[in-house]
1. Per-residue HN-Hα couplings for the stretch 284-298, Karplus 6.51 cos²θ - 1.76 cosθ + 1.60 at θ = phi - 60°, whole Hz, x for Gly and Pro?
2. If the only charges are +1 at each Lys and Arg Cβ and -1 at each Asp and Glu Cβ, what is the size of the charge dipole of the stretch 262-388 around the Cα centre, to the nearest 20 debye?
3. Could you give each residue of the stretch 368-383 its phi-based ³J(HN,Hα) in whole Hz, using Karplus coefficients 6.51, -1.76, 1.60 with θ = phi - 60°, and x for Gly or Pro?
4. Please turn the phi angles of the stretch 169-179 into ³J(HN,Hα) values with the Karplus equation 6.51 cos²θ - 1.76 cosθ + 1.60 (θ = phi - 60°), one per residue in order, whole Hz, x for glycine and proline.
5. Enumerate the amide H contacts of H123 below 5 Å, restricted to partners 5 or more residues apart or on another chain; note that Pro and chain-start residues carry no placed amide H.
6. Cα-Cα over 23 Å: which of K169/K304; K68/K129; K177/K248?
7. Under the rule of at least 5 residues apart or a separate chain, name every residue whose amide H is placed under 5 Å from the amide H of R344.
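Throughout, read-outs are computed from the coordinates displayed, never taken from laboratory work. Just so it is clear, the structure is predicted and the values come from calculations on it, not from any experiment. Note: ideal-geometry Cβ built from the backbone for every residue, glycine included; neighbour counts use all protein chains shown.
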Amino acid sequence: MLLYVNEAFQRVVRLTDGALSEVLPRISDVDVQTSRQRISAFLSMRTAYELLPESGKVVALDVDLPVKQAFHILHEQGIPMAPLWDFCKGQFVGVLSALDFILILRELGNHGSNLTEEELETHTISAWKEGKWTAFPRRFVYSRLGMYKEIVSKIGRQRILYVNFLDIKAGPYDNLKDIAVKILQNEVSTVPIIHSSSEDGSFPQLLHLASLSGILKCICRYFRHCSSSLPILQLPICAIPVGTWVPKIGESNHRPLAMLRPSASLTSALNLLIQARVSSIPIVDDSDSLLDIYCRSDITALAKDRAYTHINLDEMTVHQALQLGQDSCNTYELRSQRCQMCLRSDSLHKVMERLANPGVRRLVIVEAGSKRVEGIISLSDVFKFFLG
């Protein structure tokens with residue numbers, strides 16, 4: 001076995017010699033098209049109202065809240081993001097996510113300083129979102145029309161999507177297909193369900209945060225007892241063009257699967273999350289067997305005991321960062337759920353059922369016995385396959 005490491009992106013690609021070609025079930029184009037049409041029709045007839053729970057809570061943050069308090073709230077509530085409310089405008093104007101804290105920590109780290117209590121206490125969420133943070137003026141250029149922040153750093157220029165609830169929102173009677181498409185096209189994890197009894201949209205009420213997980217749960221519930229109407233559901237995932245896989249020798253049509261060793265620095269993990277435009281990275285040993293997974297939302301663990309004030313991102317390893325989050329498990333995303341696995345022989349139906357469980361956003365595809373990573377399949381992968 002040979003390992004090829006791309007230093008620029010910290011990606012590990014497995015190259016195996018003499019791999020035997022698999023005999024896979026033949027995919028009928030008719031079956032694929034029929035399945036896609038039936039799921040599309042089902043989602044078009046269902047509305048966001050069906051996603052609303054009988055009871056629950058949605059945490060929203062005031063845009064004038066100090067970043068420090070927001071960081072701690074996300075950690076304490078066990079949530080990766082929260083909507084932003086502007087009291088003066090009387091509107092939901094954006095979202096604060098784990099990605100924001102990754103950018104904050106990384107940019108301040110590029111300046112050679114740790115994040116201080118004063119910096120997080122002094123600057124508000126609105127100051128960060130509008131690019132007015134005095135720690136690095138003019139480094140962030142915010143485009144209200146394009147919804148992008150241009151970031152110029154040591155690793156070069158790239159675009160990071162800024163979520164604006166005024167452009168990405170849904171009403172309780174919008175159909176589920178449109179909501180799923182919005183999530184996929186805008187590369188966000190949730191879409192707010194907002195209702196206003198006024199014609200001018202004043203006094204909006206935030207009812208729910210719609211996610212692909214909730215939509216997939218509706219699909220699984222409906223087709224559970226009539227899976228025969230979707231023939232493709234019984235096929236193994238290895239026979240379907242879905243997910244990201246470790247390429248084999250001679251395969252050039254697959255993008256490399258991003259993986260890291262536990263000894264890799266936290267800086268390299270954060271950079272890779274942004275560069276590869278992924279929400280998680282499998283953490284593997286020298287044999288590429290799965291040990292854990294590092295996700296964007298894990299950044300909130302640094303709020304525990306104000307760890308962000310005394311750590312160095314270049315010196316802290318991914319293993320240490322994950323250990324820090326060991327005690328940060330909560331009812332929203334149990335540790336046992338964050339590192340879910342499946343086999344390449346598992347049916348698409350089985351994979352969908354597991355992805356529909358709360359807190360499970362992706363499954364790492366492993367080899368039976370060795371747990372060697374073979375790929376990863378996420379909620380967005382499934383929906384891109386059906387709606388793409």
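1. For the stretch 284-298, the Karplus curve yields 10, 8, 5, 9, 6, 7, 5, 10, 6, 9, 10, 10, 4, 5, 5 Hz.
2. On the way: 14 positive and 15 negative charges, 97 e Å.
It works out to roughly 460 debye.
3. 4, x, 7, 6, 5, 5, 10, x, 8, 10, 10, 4, 5, 4, 4, 6
4. Calculated HN-Hα couplings, in order: 8, 8, x, x, 10, 6, 7, 5, 5, 4, 5 Hz.
5. V67
6. Table pairs above 23 Å Cα-Cα are K169/K304; K177/K248.
7. Placed amide hydrogens put V366 under 5 Å from R344.
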